[in-house]
Amino acid sequence: MNKDSRLLRLGILGCGPISQIAHFDAVRKAHNVELYALCDLADDLRERMAMIHSPRAVYRRYEDMLEDPLVEAVIIGVADQYHVPLALQAVNAGKHVLVEKPLGVNIEECEMLRARLLERRLVLQIGHNRRFDPGIAFARRFIREELGQIMAFKSWYCDSTHRYTMTDNLQPIPLLSPQARRPGGDPKSDKRRYFILTHASHLVDTARFLGGELTAVRARLLERFGAYCWFIETEFASGALGHLDLTIAVRGDFEEGFQLYGEHGSVTGKVYLPWFHKSSQVECFSEKDRQYRRPLGEDAHSYKLQIEGFTNTILQGAPQHGADIDDGIASMRALVAIARSAETGERVRLADVSGGL
């Protein structure tokens, strides 16, 4: 695999499942990045990952990695509750940051990070890798260049009872450690909170990326037979109407997708689990020539592409294609608004929410 002559020296914090399954492989395959360092408190995980991936430096303490002058940027792949505090440490140390989604767990901590980031003029990108799916990127270009005004946007994320039958075969077997640092309590036990942070964050970012800014939501939640279903009516700043469907878990196949109806055409998309490294199946219909258009044969390793895009912004000053700090805060506001609306049944304006999940 050919690498550029100038590589971004990257450190990865966290040797747990998301790094093992996504980030280590992505960094090694990216053409403009070097896996310079890795860091984890768990001795067994850190030593095993260092043996496999051969970074130039290995750290137990995050502070030591941040003090290394050769580390230019970090990927933060740890529990949601640690995202903002650890990103803030990196920014204070003068490092660029790619932090896993969601940006944080409450609005105020995200705003605090934004204020500090603006002082340091560093690149911070949130790991909404769907933006780097070539099918979704193709749809965004069509929407901006040809669709005209948007009438309606619909999207859905329906996790499946059988999803792990597929993903367990696609992913490497993750190594776990009793020494791994975990948040207090069990954040995953609060299913409503966990599913909104983990899965609704995809829905919200895709809605904003394709449909534009969200201004208000009205959400309904139904729980039956151990499954959860959120139907979310959305309002866009453009005046377009929207609907988001988050259902976990459906008794059937995994389904993720979107539809847009616009002034000069329409867009439909079926999104695959990212572990397939397969572009979304997207069709864009244009009234101009009455033709459907769709991409084919694109590189769809979205985790690799997001790191390459992050690096291009840092090293070459390229426009930031990934989700930035403002996108992260807007998504956080939407997630909190969805949770509040599901509790009350009332319409909630994103501008009015505070706190977290």
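The values are calculated or read from the model by the stated rules, or taken from the named source; none is laboratory data. Everything numeric in this text was worked out from a predicted model, so none of it was measured. When we count neighbours, we look across all protein chains shown, and the Cβ atoms used for this are built from the backbone with ideal geometry, even at glycine.
Yes or no, residue by residue, for (1) in a loop (DSSP other than H, G, I, E, B); (2) surrounded by fewer than 19 Cβ atoms within 10 Å (Cβ to Cβ):
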position	(1), (2)
Ala300	yes, no
Leu305	no, no
Glu308	no, no
Thr313	no, yes
Gln320	yes, yes
Asp326	no, yes
Ala337	no, no
Ser354	yes, yes
Worksheet item: Is it the case that some residue within the stretch 207-224 is in the same structural domain as Leu246 (by TED's automatic domain parsing), among the acidic types (Asp, Glu), touching a residue at least 24 places away in the same chain (Cβ under 8 Å) and closer than 16 Å to Tyr157 by Cβ?
Response: no
Worksheet item: Taking Glu233 and the conditions (1) in contact with a Phe, Trp or Tyr (Cβ under 8 Å, 6 or more places away or on another chain); (2) in a strand (DSSP E or B); (3) closer than 29 Å to Ser286 by Cβ, which numbered condition does it fall short on, given that it satisfies the others?
Response: (1)
Worksheet entry | Flag if Tyr272 is under 14 Å from Phe132 (Cα atoms), at pLDDT 95 or above and surrounded by fewer than 19 Cβ atoms within 10 Å (Cβ to Cβ) | yes
Worksheet item: How many residues does the stretch 1-21 contain that are assigned to a strand (DSSP E or B) and in contact with a helix residue (DSSP H, G or I) (Cβ under 8 Å, 6 or more places away or on another chain)?
Response: 5
Worksheet item: Among the residues of the stretch 261-273, is there at least one that is assigned to a loop (DSSP other than H, G, I, E, B) and over 21 Å from the mean Cα position of the chain (by Cα)?
Response: yes
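Every residue in the stretch 87-110 that is within 28 Å of Arg340 (Cβ to Cβ) and either among the acidic types (Asp, Glu) or buried (at least 19 other Cβ atoms within 10 Å of the Cβ) (or both), please.
Correct list: Ala87, Val99, Glu100, Lys101, Pro102, Leu103, Gly104, Val105, Ile107, Glu108, Glu109, Cys110.
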Response to the item:
Restricting attention to the stretch 22-57, the residues that are touching a helix residue (DSSP H, G or I) at 6+ places or on another chain (Cβ under 6 Å), outside any helix (DSSP H, G or I) and either surrounded by fewer than 19 Cβ atoms within 10 Å (Cβ to Cβ) or in contact (Cβ under 8 Å) with a residue 60 or more places away in the chain (or both) number exactly 4
